[in-house]
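Report on the following structure.
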Amino acid sequence: MPPHGLYAITPQMHPDSRGLLRAVCAALEGGAAVIQFRDKSADEAWRLDTATHIAGLCREAGVPLIVNDDAELARASGAAGVHIGRDDGEVRDVRGRLGPDLLIGVSCYDDLERAAEAVRAGADYLAFGSMYSSGSKPSAVRCGREVLGAAGALGKPLVAIGGITPENGAPVIAAGADFLAVIDGVFGAADIRGVARRFAGLWSP
């Protein structure tokens, strides 16, 4: 993982692979530090082809690609790692399948005990949220910024997600977030590159 930055999560765009690749390129050009490929379609061939192409774009940019929920797709596509939630398997099992070299991120919601267990099991980074009201996941658990401060003691990079914008992101970073994870706030923008730059600028001196 890089030290900090925008963690841009792709929107559902199946079967528009060209449009998705253009959007990812724009986010990378704007300074996204991490890309996550998130697709819930059942089209396994499309998912593999698209993830493989995005992995190539990310390698060229020197940015890790994380695949949401699917460890096998992460390995097959050449991604840098996988992100798992509460229903996506145990961290130890995923680590056993992927080996020591691929990254594993874990959704911890507002649960510090879950985060500590994930670290013990081999997680590389921890995600917390929703920090604010989220249009992408309106029913998501809300997470106070104080949780980020407490999670810093676990010694892993922290990703904050949920309703984050360039306008409200600075307090989340100040609370301890190393990365701001955003879906619609980046990929739903008319100027993806420009919004990504605004997010990246939150870490500028």
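For the reader, a short list of remarks on this structure follows.
- Pairwise FRET efficiency - Asp88 versus Ala150, Cβ, R0 = 30 Å, nearest 0.05: 0.80
- The antiparallel fraction among DSSP beta bridges confined to region 5-203 stands at about 0%.
- Projecting the Cα positions of Ile66, His14, Tyr132 onto the charge dipole of the chain (unit charges on Cβ atoms of Lys, Arg, Asp and Glu, taken about the Cα centre) puts Tyr132 furthest along the positive direction.
- Loop-located GluC sites (Glu not before Pro) in region 59-136 (DSSP state not H, G, I, E or B) with no more than 14 neighbouring Cβ atoms inside 10 Å: Glu90.
- Computed [θ] at 222 nm, deg cm²/dmol, the chain (DSSP H ≥ 4; -39,500 (n - 2.57); rounded to nearest 500): -11500 deg cm²/dmol
- Amide H contacts of Gln36 (H built 1.01 Å from N, under 5 Å, at least 5 apart or other chain): Ala8, Ile9, Thr10, Ile66
Where a number appears in this text, it was derived from the coordinates with a stated rule and is not lab data. The model shown is predicted, which means the values in this text are computed figures rather than measured ones. Don't worry about glycine lacking a Cβ; one is built from the backbone with ideal geometry, like all the others, and counts go over all protein chains shown.
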